[in-house]
């Protein structure tokens with residue numbers, strides 16, 4: 001016990017976030033002069049300031065009681081999750097003002113889920129990872145169903161909750177089997193025990209890995225554990241749909257990288273074939289089913305499923321290089337996806353419509369939003385000059401270096417398929433004329449235009465000047481393979 005590092009100052013950013021949660025709830029309940037829309041700015045400013053504080057831990061390596069690691073990997077995801085949360089809070093202003101009675105609770109849940117996501121990236125022990133996962137999950141269950149007078153939101157929340165409970169049970173059962181065969185829940189101890197040989201408990205280990213992969217597969221929406229995704233995306237408030245497609249998935253992969261590199265890398269051959277098969281199925285099904293969608297949120301749901309398949313390739317061929325490539329692609333995906341959702345949120349706030357056909361005439365009515373939409377969709381498809389091209393190229397190259405040529409080939413083919421359904425959205429925005437009487441310019445709020453433009457600059461930055469970001473990511477992921 002005396003050897004454990006119990007330095008509570010390592011959690012200063014999380015203390016700030018917890019204080020921000022209390023502040024928002026108190027302001028909402030007791031300070032009537034505070035306008036609802038102001039809370040989104042307070043939440044975003046608090047997240048941004050805390051992200052700045054988190055930078056104090058760059059190039060510092062420590063741990064708390066061996067259960068939480070504070071290193072560059074944790075710092076990167078602290079900033080990543082807080083930045084995403086700040087964007088979602090700013091984008092939720094109209095939703096909060098028009099539909100929510102208690103917006104303080106809404107923003108508090110966004111911040112609590114951010115704490116859970118950070119815990120998933122930082123955990124070095126199974127129970128800590130599970131508690132962090134549940135903090136994120138329970139916050140998201142409530143956020144998906146937060147529009148309680150909308151039947152679609154209620155239905156989405158119930159489906160997400162029920163299936164999420166099953167997934168958590170699978171993950172817990174898998175954890176118990178891993179504990180049974182290794183005698184520890186610490187990643188490093190699990191790895192050390194497995195390195196001594198698995199002949200005596202090969203089947204128990206395999207079953208534990210299958211159950212844990214099932215539970216985490218649900219969290220990242222991998223096939224065949226993806227069925228909740230389109231319903232949750234369609235029923236949730238649009239800003240929460242954006243949050244699901246970014247933070248929820250990124251947290252799942254942050255945990256997968258930390259867990260499999262720290263605990264199961266020594267038995268890579270026992271589980272890599274499962275991940276590779278799931279990756280192939282996820283890429284194929286996600287992109288093919290997306291071709292049939294007519295609702296923009298459902299289309300983005302299946303698009304995100306396809307993107308999960310690309311990311312799972314990095315887990316299948318797990319190494320320092322593939323981990324770096326995976327995190328780079330995840331970052332480019334987050335920036336591109338969030339840019340698209342800012343456009344969708346702005347369009348929905350002005351028109352109240354979310355069908356793909358309702359985007360017709362966007363070029364005439366909101367030219368900046370139309371340009372950002374096109375650029376971000378091209379990025380997701382992986383066209384040159386945009387973030388998605390360079391991140392996919394680096395990821396596919398890293399995967400082929402590990403011998404998964406067939407997975408990379410499937411990734412290339414499905415990327416071409418994805419271009420078709422992205423072009424269908426752009427066809428409505430640029431080719432189809434608006435309905436008669438709807439030709440006038442729409443009053444897009446300056447904040448939404450500004451966020452869309454800033455995220456589009458981020459897409460070009462990652463696409464044209466990725467070296468500096470890749471070096472930072474490569475340094476961060478290096479702490480996983482020490």
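Ranking of 456, 120 by neighbouring Cβ atoms within 10 Å, starting from the fewest: 456, 120. By the beta-carbon count within 10 Å of each Cβ, the least crowded to most crowded order of 233, 461, 76, 186, fewest first, is 461, 186, 76, 233. As a proxy for reagent exposure, ranking 369, 205 by other Cβ atoms within 10 Å from fewest up yields 205, 369. Shape analysis of the chain based on the Cα gyration tensor places the equivalent ellipsoid semi-axes at 35, 27, 20 Å, largest first.
Over all projection directions, the Cα-based convex hull of region 1-136 averages an area of 8.4 nm². If you take the Cα centroid of region 8-61 and the Cα centroid of region 442-482, the two points sit 22 Å apart.
Quick note: the coordinates plus some simple rules give every number you see, no bench work behind them. Computed from a predicted structure; not experimentally measured. When we count neighbours, we look across all protein chains shown, and the Cβ atoms used for this are built from the backbone with ideal geometry, even at glycine.
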